[in-house]
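J.: What follows is a structure written as structure tokens; I'll ask about it next.
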Amino acid sequence: MKLLVITQAVDTENGALGFFVGWLRELATRFESIEVVCLYEGTHALPPNVRVHSLGKEDGGSRIQYAWRTYEYAWDLRDEYDAVFVHMNQEYVLLAGWLWRLMGKRVYMWRNHYAGSWLTDVAAAFCTKVFCTSKHSYTAKYKKTVLMPVGIDLSRFERANGAQEEAALHTFRSILFLARIALSKRPEMLIDALGTVLARGVSFTADIVGSPADGDEGYAHSLETRAESLGLHDRVRFLDGVPHEQTPALYAAHDIFVNCSPSGMFDKTLFEAAAAGCRVIAASDDFKDAAGEEAYAPDADQLAERLCEALGESSDSRLRRRTQMQALARGESLGTLIDTLHAQITTETA
């Protein structure tokens, strides 16, 4: 079977979307050929049965140009694909769903987010199936929706020898927040919690790693001001986002990983951090269901409590927790996800 994939970026250096290159490599082992249409093409190395076509954001362009090129690729490549997989962006289904339907192409959309609208409903109407990882996602309500594994490339976190295993015990009392700096990721919740932890006299260091999208620079600056006002200037570092391939080392350099995204998003960083052996604390009900109450902190007050507990853990307890986290991550492997995705797409019926 031949597949057309529509995605935002094919670029291993993209901190938020670099993981998708790994998805394409795995998909290439299950499909005869894959045509990829992306908004932005950057650095990648893909198998010969995968061809990448860019809409041209890396060279500049307008939304009208991107839309026209989407139609061109959808039509010109029509004999090169049997089905369409749209990753994350419903806009492409709204744009070309009617055309794919006229051509008899089945459409599958991956959309995992707590927010949605009538436009999401229209996009879903053009789809044979919709995929998400969270039962709290907006798209979980459709009868055609299939809940999927998160899809973590565990090979990126394997330790080759005992020395690396020992090094992976992490920097004691260190906290990591890794995400795009955006309101939906709620980094201010962590900052407020750290202010409480500091007031209780508990020792820690924290790295908030991520870059704001265009237009969110003011929000990012407000976070630094907020941390300063809470006396966190010598405890918290704000660092730019890093390429996806550098994230395993970043996780391994920290003891505790915090994710403040609300239920419905189920960020894959939760399971990447778990695979690296971090203690993970999250605001997500989905992660609470997977990891238990002790991994759950829905607001800044409860997050402060969880952090104080984690920062006071013994070495033996940390080692046990690390093993538990890695076992949890194995159930969300990339291989399991791609096998499931392939089975769903190659099934003829909705």
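J.: Just checking, how many residues over the range 171-216 are polar (S, T, N, Q) and in contact with a strand residue (DSSP E or B) (Cβ under 8 Å, 6 or more places away or on another chain)?
T.: 4
J.: Moving on to the next point. So Ile64 clears everything in (1) touching a helix residue (DSSP H, G or I) at 6+ places or on another chain (Cβ under 9 Å); (2) surrounded by fewer than 17 Cβ atoms within 10 Å (Cβ to Cβ); (3) among the aliphatic types (A, V, I, L, M) except one condition, right? Which one?
T.: (1)
J.: Assess whether Ala74 counts as being touching a residue at least 40 places away in the same chain (Cβ under 8 Å) and part of a helix (DSSP H, G or I). Steps first, please.
T.: Details: touching a residue at least 40 places away in the same chain (Cβ under 8 Å): yes; part of a helix (DSSP H, G or I): yes.
Taking the combined requirement at face value, the residue satisfies it.
J.: For the condition touching a residue at least 12 places away in the same chain (Cβ under 8 Å), surrounded by fewer than 15 Cβ atoms within 10 Å (Cβ to Cβ) and of a type in the set (D, E, K, R), what is the one hit in Arg279, Arg237, Arg226, Arg186? Give the steps one after another, and end with the answer.
T.: Working: Arg279 fails: surrounded by fewer than 15 Cβ atoms within 10 Å (Cβ to Cβ); Arg226 fails: surrounded by fewer than 15 Cβ atoms within 10 Å (Cβ to Cβ); Arg186 fails: surrounded by fewer than 15 Cβ atoms within 10 Å (Cβ to Cβ).
After ruling out the rest, the residue left standing is Arg237.
J.: Continuing with this model, one more query. With the requirement that a residue be among the aromatic types (Phe, Trp, Tyr) and closer than 24 Å to Lys268 by Cβ, what does the range 97-149 give you?
T.: Step one: of the range 97-149, the residues among the aromatic types (Phe, Trp, Tyr) are 98, 100, 108, 110, 114, 118, 126, 131, 138, 142.
The answer is Tyr108, Trp110, Tyr114, Phe131, Tyr138, Tyr142.
J.: A further question on this structure: Quick check on the range 307-337: of everything there that is in contact with a helix residue (DSSP H, G or I) (Cβ under 7 Å, 6 or more places away or on another chain) and crowded, with 21+ Cβ neighbours inside 10 Å, which residue is nearest to Ala83 (Cα to Cα)?
T.: Step by step, filter the range 307-337, then rank; the result is Leu334.
J.: Would you point out the residue of the range 102-115, among those that are buried (at least 18 other Cβ atoms within 10 Å of the Cβ) and without any contact (Cβ under 8 Å) to a residue 40 or more places away in the chain, that is farthest from Leu3 (Cα to Cα)?
T.: Within the range 102-115, the match that is farthest from Leu3 (Cα to Cα) is Arg111.
J.: Let me ask something additional. Which residue is farthest from His113 (Cα to Cα), if the candidates are limited to the range 185-218 and must be among the acidic types (Asp, Glu), out of contact with any His (no Cβ under 9 Å at 6 or more places or on another chain) and not in a loop (DSSP other than H, G, I, E, B)?
T.: Step one: list which residues in the range 185-218 are among the acidic types (Asp, Glu), which gives 188, 192, 207, 214, 216-217.
The next check asks that each one be out of contact with any His (no Cβ under 9 Å at 6 or more places or on another chain); those that pass are 188, 192, 214, 216-217.
Then drop every residue that is not not in a loop (DSSP other than H, G, I, E, B), which leaves 188, 192, 217.
Details: Glu188: 20, Asp192: 24, Glu217: 23 Å.
So the residue we want is Asp192.
J.: Just a yes or no: is a residue in the range 57-71 assigned to a loop (DSSP other than H, G, I, E, B) and either closer than 21 Å to Leu24 by Cβ or modelled with pLDDT of 95 or more (or both)?
T.: In the first step, residues of the range 57-71 are kept if they are assigned to a loop (DSSP other than H, G, I, E, B); the result is 60-62.
If we keep only those that are either closer than 21 Å to Leu24 by Cβ or modelled with pLDDT of 95 or more (or both) as well, we get none.
Checked against the condition, which is being assigned to a loop (DSSP other than H, G, I, E, B) and either closer than 21 Å to Leu24 by Cβ or modelled with pLDDT of 95 or more (or both), the range 57-71 yields no hits at all.
The values are calculated or read from the model by the stated rules, or taken from the named source; none is laboratory data. These numbers come from a predicted model, not from an experiment. All Cβ positions, glycine included, derive from the backbone under ideal geometry; neighbour counts span all protein chains shown.
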